[in-house]
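Have a look at the structure that comes next, please.
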Amino acid sequence: MKVSKHSPRALLCSVLLCIPLLGQAETVDWASWFSGQISKHPDVVAMKEQAAARNADAEANEQPLYNPELSLGADRTGTENNFEAGLSQTIDWSDQQGALKEKAKLARLSAQADLSAAVLEQTSESMFALVEWRASKLNEVIAESQQQRLNALLEQVEQRQQAGDLGRADAELLFLSLSRQLSEVAQVKAAVDQVEAQVRERLPDWSPESGGIPEHVWPTLKSRVGDADLLLHPSVVAARSKWQLLRSEIEIAKRKAKATPTVGFRGGRDGGENVVGLTFSVPLNVRNNYSAETRAANRRALEAEARFKALYRKQQYELAGDRAAWKRYDEQLNEWKELSQERVQRSADLLEQQWTVGDISTSEYLQALGQRAESLKTGIELEKQAQLGLIELLRQSGELITPFQ
């Protein structure tokens, strides 16, 4: 399996690099700023530290298993001083170190995969929050604009009522509409405050002046990842690496079950004579052959394999579902744009002119203004869902953090 060896910073800087607009300096600048924000998040920092610790553990597994042992002894018998010095070494007869080195290699791949998965998750959640923030701000603009229009309309109604052009019922209808609008503005502003808090939590240096995701960042090409490519998805790589790690534990358990002999050499003086000796010891695995450890490692590996296959299967279906959902929203958004074609923007002035000359009643005017606002909010919702759908699609495909080439 190929796993990227790029640094975490390089992975972070690769947000939305699947888009063909990457050559534009402004896109690169925004992606660099955004990736820098992701790298500062405590969750990502924690995963980087965890990866560093796991790499250190891997380095420890690559070291020799046994150090030589030095022994010294001295005693006195009568007038004779006796002493002895020895050196012994346990031999890795079954090459446990070879199995541990293979485990270390897999541990590094697993640590990198987990870090990439954390970056992917943080990237997608941050982009979700930015999309939600932009939509809430647009809804706020519509709500405030509607309130301002109703306030201006109330002044006109009062003037026309004094002139005798309108009755009291018209003013009451407008008052009720304005009251509802005040509540809606409060709700919309509260939603903006909540989403802003979420964005600030995800992006430490973000402010409302920073805005949302720039228009030039959005990709124009559809995701091209197929089922086979999903094997490179960080979450799938992480699950597969865990399975392979547990498979390596089987071999380690088998080799640990084999006896490891110890050879020693000693020399000294005893009773005034030189003494030289050679020792050899080997554990006898007769009371415990350690086969249970091997069986347990095998079962854990089988469990991890099943979980890996389940995740890969789930990823395939979710990718297909997300692609279909994004296409649906994108098609509906394009249809809405063709249908509106700035009609909604011009309709407010047209409706006011018709109401002023008496072509439509006040109740019809208020109803039409409400329908116009709903149409604008529909467009915002469709655009939001299309953008969220695209982010989710790129997250499920793993393309959201494609490294620089």
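The values are calculated or read from the model by the stated rules, or taken from the named source; none is laboratory data. Since the structure is predicted, the reported quantities are computational estimates derived from the model, not experimental observations. No Cβ is skipped: glycine too gets one built from the backbone with ideal geometry, and neighbour counts run over all protein chains shown. Side chains included, ligands, DNA and RNA excluded: accessible areas come from the protein's heavy atoms. Shrake-Rupley method; radii C 1.70, N 1.55, O 1.52, S 1.80 Å.
Filter the stretch 297-321 down to residues that are free of Cβ contacts under 8 Å to residues at least 40 places away in the same chain and hydrophobic (A, V, I, L, M, F, W, C), then give me how many there are.
Total meeting the criteria: 4.
If SER223 passes every condition in (1) in a loop (DSSP other than H, G, I, E, B); (2) free of Cβ contacts under 8 Å to residues at least 60 places away in the same chain but one, which one does it miss?
Evaluating SER223 over (1) in a loop (DSSP other than H, G, I, E, B); (2) free of Cβ contacts under 8 Å to residues at least 60 places away in the same chain leaves (2) as the failure.
Determine if the stretch 123-135 includes at least one residue that is surrounded by fewer than 17 Cβ atoms within 10 Å (Cβ to Cβ) and out of contact with any helix residue (DSSP H, G or I) (no Cβ under 6 Å at 6 or more places or on another chain).
No - not one qualifying residue is present in the stretch 123-135.
Report yes if TRP355 is open to solvent by less than 100 Å² (accessible area, probe 1.4 Å), aromatic (Phe, Trp, Tyr) and without any contact (Cβ under 8 Å) to a residue 24 or more places away in the chain, otherwise no.
It is true that TRP355 is open to solvent by less than 100 Å² (accessible area, probe 1.4 Å), aromatic (Phe, Trp, Tyr) and without any contact (Cβ under 8 Å) to a residue 24 or more places away in the chain.
Which residues, taken from the stretch 236-258, are touching a residue at least 40 places away in the same chain (Cβ under 8 Å), in contact with a Ser or Thr (Cβ under 8 Å, 6 or more places away or on another chain) and open to solvent by less than 40 Å² (accessible area, probe 1.4 Å)?
Across the stretch 236-258, the qualifying residues are VAL237, ALA238, SER241, LEU245, ILE250, ALA253.
Limited to the stretch 33-67, what total is found for residues that are open to solvent by less than 80 Å² (accessible area, probe 1.4 Å), not acidic (Asp, Glu) and not in a helix (DSSP H, G or I)? Please lay out each step first, then the result.
At the first step, the residues of the stretch 33-67 found to be open to solvent by less than 80 Å² (accessible area, probe 1.4 Å) are 34-39, 41, 44-48, 51-56, 58, 60-62, 65-66.
Narrowing the set further to residues that are not acidic (Asp, Glu) leaves 34-39, 41, 44-48, 51-56, 58, 60-61, 65-66.
Among the residues that remain, those that are also not in a helix (DSSP H, G or I) are: 41, 65-66.
So the count comes out to 3.
Suppose we filter ALA56, ALA46, ALA51, ALA74 for residues that are at pLDDT 90 or above, more than 30 Å from LEU130 (Cβ to Cβ) and not aromatic (Phe, Trp, Tyr); which single one remains?
Numbers: ALA46 fails: more than 30 Å from LEU130 (Cβ to Cβ); ALA51 fails: more than 30 Å from LEU130 (Cβ to Cβ); ALA74 fails: at pLDDT 90 or above.
Unique residue meeting the criteria: ALA56.
Looking at VAL263, VAL237, which one is farther than 20 Å from ASN289 by Cα, touching a strand residue (DSSP E or B) at 6+ places or on another chain (Cβ under 8 Å) and at pLDDT 85 or above?
VAL263
Of the conditions (1) in contact (Cβ under 8 Å) with a residue 24 or more places away in the chain; (2) open to solvent by less than 60 Å² (accessible area, probe 1.4 Å), GLU293 fails just one. Which one is it?
(2)
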